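Reading through the structure tokens given below for one structure.
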Amino acid sequence: MTSGLPDIWRERVAPEWCDYNNHMNLAYYVLIFDHATDAFYNSLGLDDAYRASTECSTFAVESHTNYIAEVHEGDEVYCTAQLLDYDEKRLHYFHCMYHAEKGFLSATTELMAVHVDMKVRRVAPMGKAVLRAAEEMFGTHRDLPRPAQAGRSIGIRRK
């Protein structure tokens, strides 16, 4: 556990995920973060049963990934999730990926997702149980330190 957040997803780096630089390719960081997002959503009740009963889902509308330290074939990593903010239609959350054995921070990703009514494919309010779960989670996350990488923009900083 890091920063008071539990390990919500673990995965081992597969050989086919490594590139010509002999480390995990950026696409697979995103894949692992997506698996962590599924676990995060399940903890809020945005699971298969919810999607089936409400015909609603979530769409990512923005993401920002920081690659901090390499991981390699066979390394096990784990992810944490922090709910940074939410409202009735949006979730703003942050994942950290750590090397499971050595404990170093490997990557982070910040995401904004919207709740979508799949029948009309439009943004719609989340169900009450999901909103209650988000409120409860946010109550425990709001006082955590904001991740250093949160809210960053990309660009070349000129002196």
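Dipole size of the chain about its Cα centre, with +1 on Lys/Arg Cβ and -1 on Asp/Glu Cβ: approximately 760 debye, rounded to the nearest 20.
Restricting the calculation to Cα atoms, the range 79-138 shows an Rg/Rh of 1.11 when the hydrodynamic-style radius is the Kirkwood one.
Excluding same-chain neighbours fewer than eight residues apart, the aspartates and glutamates reachable from residue 89 by a Cα-Cα span under 14 Å are 117, 135.
Give, in whole angstrom and from largest to smallest, the semi-axes √(5λ) of the equivalent ellipsoid of the range 119-159, with λ running over the eigenvalues of the Cα gyration tensor.
Numbers: eigenvalues 202, 85, 4 Å².
That gives 32, 21, 4 Å for the three semi-axes.
In this structure residue 96 has an accessible area near 20 Å², from a 1.4 Å probe over the protein heavy atoms. Under the simplified labelling scheme, the residue 105-residue 118 pair shows an inter-label distance of 3.5 nm, with each label point 7 Å from Cα along Cα→Cβ.
Going 7 Å from the Cα of residue 143 toward and past its Cβ, which residues in the range 1-34 have a backbone nitrogen under 17 Å from where you end up? In the range 1-34, the label zone of residue 143 (backbone N under 17 Å from the point 7 Å along Cα→Cβ) covers 3-6. The ellipsoid that matches the Cα gyration tensor of the range 58-159 has semi-axes, each √(5λ) in whole angstrom, of 28, 17, 15, with the longest given first. For the chain, the solvent-accessible area with a 1.4 angstrom probe is 58 square angstrom per residue. The figure for residue 135 is an accessible area of roughly 110 square angstrom, using a 1.4 Å probe on the protein chains alone.
Extending 7 Å from the Cα toward the beta-carbon at both residue 63 and residue 129 defines two label points whose distance is 2.7 nm. In the chain, the portion of solvent-accessible area held by carbon and sulfur atoms comes to 50 percent [1.4 Å probe, whole percent, DNA, RNA and ligands not counted].
What figure, in Å² to the nearest 10, do you get for the accessible area of residue 136 with a 1.4 Å probe and non-protein molecules left out? Residue 136 has an accessible surface of roughly 140 Å² with all protein chains in place. Expressed per residue, the C-alpha convex hull volume of the range 3-70 stands at 132 Å³. For the chain, adding -39500 (n - 2.57) for each run of n ≥ 4 DSSP H residues and dividing by the number of residues yields -8000 deg cm²/dmol at 222 nm.
The values are calculated or read from the model by the stated rules, or taken from the named source; none is laboratory data. Computed from a prediction, not measured in an experiment: that's the story for all the values here. All Cβ positions, glycine included, derive from the backbone under ideal geometry; neighbour counts span all protein chains shown. With ligands, DNA and RNA removed, areas are computed over all heavy atoms of the protein, side chains included. Shrake-Rupley method; radii C 1.70, N 1.55, O 1.52, S 1.80 Å.
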